[in-house]
Amino acid sequence: MKSKNLKNIKAENQRNRQSERLKNDITRRLLNYLERKYEMRFNTALGCTEARKAGGNEPFVAVDERMRNTIAIKARLDGIDAWDKDIRRYMESDFVKAFNPVDIFLEGLRGRWNGKNHIEMLADCVPNDNTRWAEWFHTWFLAMVAQWLGLNISHGNSVAPLLISRQGYRKSTFCKRLLPEALQWGYNDNLIISEKQNTLRAMTQSLLINIDEFNTLSAKTQDGFLKNVMQLANINPSALLPATSYIATHCLFHCHGKRFRCF
């Protein structure tokens, strides 16, 4: 009787070992398959996994449920015994390398400065009668980049430029072009400030928020919620981006000449 039980235990242990080896083999096959077929990266700024076909020149796209299911089905058709949960587990692991588009872009600029003050040259594109505009804009611009890098997480926004002119003077275009093409994903000019939760969420996912048509905000929103939320130093400890910056536009409908001011 004891001998029979011992044989059963040994047989069960052997089956378990074989099952574990099979699982490990399937996992290795899946890893090799995904790395051979796709390029993947985890975008730390947007908090999502991006993918494209291996060896291709197509831009990376964020992986959604539809794309994940497609990858799982193709893997099974190619003989890999895997399900969508296995694909998700891989994509949400350290086997997918982290990628920070802000750091990559700024690192690519290292050593390319020619000694000219390009920020103040950019500020000079804005006609105005404020002798300190270029200086203030320069300080604000450096602070914006410092916030992207998380260099000062103890302070929020103390100031935001406000551009004022008649309609049609391309204020919003100027704001949008402050970010290079590679970082345009971080520009937001469609925010409804009065919606608190959406505003807080946007602050953790945007590099620059343009409060377009600032004059349409109520005095209560300007002096209350907006002032407080702009000065927040830390919205969420787990936020993917350290902080966002603000710029605003104000349209004058009845004026004879254009004016620009900075607050």
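The values are calculated or read from the model by the stated rules, or taken from the named source; none is laboratory data. Given the structure is predicted, the values throughout are model-derived calculations rather than measurements. Cβ: placed from backbone, ideal geometry, glycine included. Neighbour counts: every protein chain shown.
I want to confirm something. Restricting to the range 40-90 and keeping residues that are outside any loop (DSSP other than H, G, I, E, B) and among the hydroxyl-bearing types (Ser, Thr, Tyr), which single residue is nearest to residue 207 (Cα to Cα)? The residue in question is 49.
For the range 160-172, a residue qualifies if it is surrounded by fewer than 17 Cβ atoms within 10 Å (Cβ to Cβ) and within 12 Å of residue 248 (Cα to Cα), and exactly one does: 172. You will find that of 94, 103, the residue that is assigned to a loop (DSSP other than H, G, I, E, B) and under 24 Å from the mean Cα position of the chain (by Cα) is 94 and no other. In summary, helices (runs of 4 or more DSSP H) completely within the range 160-263 and bearing 1 or more residues that are over 24 Å from residue 128 (Cβ atoms) and modelled with pLDDT of 75 or more occur at 196-203. Scanning the range 46-80 for residues that are of a type in the set (Asp, Glu) and loosely packed, with under 13 Cβ neighbours inside 10 Å turns up 58, 64, 65, 78. Of all the criteria given as (1) out of contact with any strand residue (DSSP E or B) (no Cβ under 6 Å at 6 or more places or on another chain); (2) surrounded by fewer than 17 Cβ atoms within 10 Å (Cβ to Cβ); (3) in contact (Cβ under 8 Å) with a residue 40 or more places away in the chain, the one not satisfied by residue 98 is (1).
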